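The values are calculated or read from the model by the stated rules, or taken from the named source; none is laboratory data. Just so you know, these numbers come straight off a predicted model, no measurement behind them. Don't worry about glycine lacking a Cβ; one is built from the backbone with ideal geometry, like all the others, and counts go over all protein chains shown. What goes into the accessible areas is simple: the full protein's heavy atoms, side chains included, and nothing from ligands, DNA or RNA. Shrake-Rupley method; radii C 1.70, N 1.55, O 1.52, S 1.80 Å.
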Amino acid sequence: MSPQLELNDIQGNTVFGYRFPHTRYLFIRVDRVESGRRFLRSILADVTTSARWESRNGSSGKPSSTLNVAISYAGFVALGLPARSLASFPCEYQQGMLARATLNHDTGCSEPSRWDEVWRTGAVHVLLSIYGRDVAALDEKTSRIEHAIAEFEGVSLAGRQGAGKLFIDGEYTEREHFGYRDGIGNPDVDGTGVAGRPGRGKLSADGSWLPLAAGEFILGQPDEAQENPIAPVPVQLARNGTFMVFRKLHQNVASFRRYLGEQGRLYAGGRDLLAAKFVGRWWDGTPLELSPDRADPALVGDENRNNDFRYTVDPEGVRCPLSSHIRRANPRDADGFGGTIANRHRIIRRGVSYGPWTPEGKPGDDESEHGFIFVALNASIERQFEFVQQQWMNYGNDFLQGNDRDLLVGTHRPQDKMVIQGDPARRDVLKRPFLCTGLPQFVETRGGDYFFVPGMNALRHIANGTVETH
Amino acid sequence: MPNVSGSSYGLTVLSPIRDERRHAPSPPAAIRAYLNSVGTGKDSPLARLAAHHFVRFAVIDDVFFEAYPAHADHLRSPYLLFTSDFNGDLDDYLTRFVTAMPEFVRGVWGNCYGFPGTESAPRFVEYIKRCQITTSLYFADNPTTTVEQVLKALDLQRKMIGFIARTQGLDAAPLQEAFRSFVSEVRRASTLAPGAD
């Protein structure tokens, strides 16, 4: 199946995810237009695309590290993008994530006054993402970039953020700090040339799964509404680009383990089932809808089965609670209209944990630097990420849960709760609903912003200062 | 049936606003400023009455003809729109309205033609009815439940959640005892106030 998308022009870690254990983000500040452009020109050859790595002569073709570039609105101003292009970017991107903190429920413990300084001051103009097979590879690329920065007065390194897969019991894992296996539900995108897998795209009328229209994620392609999504001008700037949401999410590991421990003792189904009810998957990623009583390693290990389910078979939330994290993040067919509503609010997630893992059985702490760098890619930040954040994570009406928020990532008020629906077919205590009240704040925002990930051709024009509008 | 759906009444009122633009602030601006200044939530004057589900005010400056060919088609004055979804009889509601919040009524309607002031409730009722227009296609969000019933239900729901959270681990005997005292407490207790969080 040959791809229709120009994978050579789309930056990497978008339609296909990287699988490296180590990540480093460098935050670049640009104070002079010409220096910023020369800096970008100097790293252009190192930027990784979505082209597949071809194995030849026995080696896999996979590089030891990758480099990708994302630019904030303030960054485009600093790089001297023409005024007409600047004005054509969507409103939410122009404002940036800090200005929209109230809309995104980044309030209380998550409010901007508590963010890392580099994010509070809007200093991140260019976000460089480096992935590497080991720390030496990260260091090598970092040092090349630092040399490039040093060459140009008017470009500086405002900060950095390390991240990487959690190393647990001797191996790199796909787990995050609360202990859940993450990253199973990313959408299949049409036109990549790679066959889709059940459950990741959209539901068709005959019950099969199809990849989502590329325009939901990549500008210049038709989207699920059969339109070319609104995009900045000129076409050459927007084509093959995407918008990135970058959020540093601190995780209160101790509060989570303590709360799960206390509630797990009260809940008749036990601690592990309760943990599964919070998210909609068991610790190992087995979906509750397919396996409501136990984790199933064979099922979760099979990519063609581990995401193949729908919710209309469970309208009362008996297997997977109506308020669980994955049901909120992607309601699939539960919203009616055959799932077409959910198709317009999907995101590609390319996040990575940061900070060291707290071993099982330890209480952990809330203060250490550990959490999750949440990265989402979408054609429209407002329609996709922000919609999910506002309507599905921090509100419950679409799930018949009133004002209740997502237990893990919602911004909780004292009266908030999660209802775990009971099973009317049972005769024991699990017939009744179980209420989780007194919810601590498990996740706190510590910074982030909205970025644009230009296509390669666009990036060349940006670096050369040749973006033209008429 | 116009204006009514179940136990809900959909009142629509258009009151012409004095059009003395040489005054500063102009009457429409004064009404807007006043509406922006009143308390919200439980501090709203409207929260003094538990009779209305939803009340809305809007100042309509003029209408604009947007099709082709352009021609002038103007209102003779700006208008104040007042809509209310309430339970009960219209005359009774309007009487209770002006009695509960006379200063608010003066602040809102004081700049409107023909407003008789708030000293005589029957004259206020008659004035509003003269400005009333028929709500011909009325869809009531809550046709069978009064505001009081909704507030009581919300209060009971909140208390029930607290009860479940406190007792969900208990054995049968202590659970039954806790439930009995919960029921008698709820029977005695009051309801939520309008405008509460």
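Within 10 Å of each candidate Cβ there may be at most 16 other Cβ atoms; applying that plus a DSSP loop requirement, which chymotrypsin sites (Phe, Trp or Tyr not before Pro) in the stretch B:89-186 survive? If you can, show how the numbers build up before the last one.
Numbers: sites: B:Y93, B:F97, B:F104, B:W109, B:Y113, B:F124, B:Y127, B:Y138, B:F139, B:F163, B:F179, B:F182; in loops: B:Y113, B:Y138, B:F139.
Answer by residue number: B:Y113, B:F139.
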Treating only Lys and Arg (+1) and Asp and Glu (-1) as charged, each at its beta carbon, one finds that the protein assembly as shown has a dipole about its Cα centre, in Debye to the nearest 20, of 520
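Would you mind computing Rg(Cα) / (2.2 N^0.38 Å) for the stretch A:167-253, counting N as its residues? Intermediate values should be presented prior to the final figure.
Numbers: Rg = 17.3 Å, N = 87, 2.2 N^0.38 = 12.0 Å.
Normalised Rg, Cα atoms only: 1.44.
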In vacuo Debye sum over C-alpha of the stretch A:39-89, base-10 log of normalised intensity I(q)/I(0) at q = 0.15, 0.31 Å⁻¹, listed in q order, is -0.61, -1.16
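Rounding to the nearest 20 debye, state how big the charge dipole of the stretch A:260-345 is about its Cα centre with +1 on each Lys and Arg Cβ and -1 on each Asp and Glu Cβ. Please list the in-between numbers first.
Details: 12 positive and 13 negative charges, 53 e Å.
Charge dipole, the stretch A:260-345, about its Cα centre: 260 debye, nearest 20.
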GNM on chain B, Cα springs under 10 Å; top mean-square fluctuation among B:S136, B:S181, B:S120 goes to B:S181
B:K42 and A:E174 label points (each 7 Å along its Cα→Cβ direction) are spaced in nm at 5.0
Computed from every Cα-Cα pair in chain B, P(r) in 10 Å bins starting at 0 and rounded to whole percents is 8, 27, 28, 17, 11, 6, 3, 1
With the convex hull built on the alpha-carbon atoms of the stretch A:212-255, volume per residue in Å³ sits at 109
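So what is the relative contact order for the stretch A:274-391, in percent, with contacts set as C-alpha pairs under 8 Å and at least six apart?
Worked out over the stretch A:274-391, it gives 19 percent.
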Simple SL model, points at 7 angstrom along Cα→Cβ for A:Q4 and A:A51; separation in nm is 2.3
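Chain A: D in µm²/s via Stokes-Einstein (Kirkwood Rh, Cα pairs, 25 °C, 0.890 mPa s)?
Details: Rh = 23.0 Å.
Reported coefficient: 107 µm²/s.
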At q = 0.16 1/Å the base-10 log of I(q)/I(0) from the Debye formula over the alpha-carbon atoms of the stretch B:81-197 is -0.88
Tilt, helix B:172-188 to longest principal axis of chain B (alpha-carbon atoms), in degrees rounded to tens, equals 40
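Note the full-extension length gain between A:Q441 and A:N228 as 0.36 nm times their separation in residues minus their Cα-Cα distance, in nm to one decimal. Write out the running numbers ahead of the final one.
Working: separation 213, 0.36 × 213 = 76.68 nm, distance 3.93 nm.
Using 0.36 nm per residue and subtracting the Cα-Cα distance, I get 72.8 nm.
When 1/r is averaged over all different Cα pairs and the result inverted, which Kirkwood radius in Å belongs to the stretch A:250-389?
Values: mean 1/r = 0.0597 Å⁻¹.
Taking the inverse mean of 1/r over all distinct Cα pairs, the stretch A:250-389 comes out at 16.8 Å.
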Pseudo-spin-label distance A:E140 to A:T340, built 7 Å along Cα→Cβ, given in nm, is 5.2
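Quote the total accessible area buried by chains A and B together, excluding ligands, DNA and RNA, probe 1.4 Å, nearest 100 Å².
On the way: alone 19670 and 12260 Å², together 31340 Å².
Buried surface at the A/B interface: approximately 600 Å².
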Residues meeting the amide H criterion for B:H53 (H placed from the backbone, H to H distance under 5 Å, 5 or more places apart or on another chain) are B:D85, B:F86, B:N87
Given pairs A:K62/A:K277; A:K431/B:K42; A:K248/B:K42; A:K277/A:K362; A:K362/A:K417 and cut-off 32 Å on Cα-Cα distance, the over-length ones are A:K62/A:K277; A:K431/B:K42; A:K248/B:K42
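With every protein chain kept in place and ligands, DNA and RNA left out, what is the accessible area per residue of the stretch B:124-197? Probe 1.4 Å, answer in Å².
Values: 5090 Å² over 74 residues.
The answer is 69 Å² per residue.
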In degrees, nearest 10, the alpha-carbon axis of helix A:253-266 is tilted away from the dominant principal axis of the alpha carbons of chain A by 20
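Roughly to the nearest percent, how much of the accessible area of the stretch A:91-182 is carbon and sulfur, given a 1.4 Å probe?
Details: 2030 of 4260 Å².
It is 48 percent, rounded to a whole number.
If you average the sequence gap of Cα pairs under 8 Å that are 6 or more apart and divide by the length of chain A, what percent do you get for the contact order? Display every interim value, and only then the final one.
Working: 1025 pairs, mean separation 107.0, N = 470.
Across chain A, relative contact order equals 23 percent.
Under 8 Å for C-alpha pairs, at least 6 residues apart: give me the relative contact order for chain B, rounded to a whole percent. Each step should come with its number before you reach the end.
Values: 268 pairs, mean separation 65.9, N = 197.
RCO, chain B: 33 percent.
For the stretch A:58-122, what does the accessible surface come to per residue with a 1.4 Å probe? Please give it in Å².
On the way: 2670 Å² over 65 residues.
Heavy-atom SASA per residue in the stretch A:58-122 reads 41 Å².
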note: the stretch A:12-66, Cα-Cα separations exceeding 16 Å make up a percent value of 58
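Using a 1.4 angstrom probe, figure out how much accessible area the stretch B:1-54 has per residue, in square angstrom, rounded to the nearest whole.
Solvent-accessible surface per residue comes out at 54 Å².
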The helix B:121-131 Cα axis meets the longest alpha-carbon principal axis of chain B at an angle in degrees, between 0 and 90 and rounded to 10, of 60
Expected field for A:H105, accessible surface area in Å² at 1.4 Å probe radius, rounded to 10, holds 50
Diffing the stretch A:192-204: the Karplus 3J(HN,Hα) column from phi (6.51, -1.76, 1.60, θ = phi - 60°), in whole Hz with x for Gly and Pro, holds 7, x, 10, 5, x, 10, x, x, 9, x, 10, 7, 9
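Kirkwood Rh over alpha-carbon pairs of the stretch A:195-318, then Stokes-Einstein at 10 °C and 1.306 mPa s: what D in µm² s⁻¹, rounded to an integer?
88
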Expressed in square angstrom to the nearest 10, the accessible area of A:M244 with a 1.4 Å probe stands at 20
In whole percent, the fraction of accessible protein surface over chain B that belongs to carbon or sulfur atoms, probe radius 1.4 Å, stands at 54
With every protein chain in place, the accessible area of B:K159 for a 1.4 Å probe, in Å² rounded to the nearest 10, comes to 50
Diffing the stretch B:143-150: the Karplus 3J(HN,Hα) column from phi (6.51, -1.76, 1.60, θ = phi - 60°), in whole Hz with x for Gly and Pro, holds x, 10, 10, 7, 4, 4, 5, 5
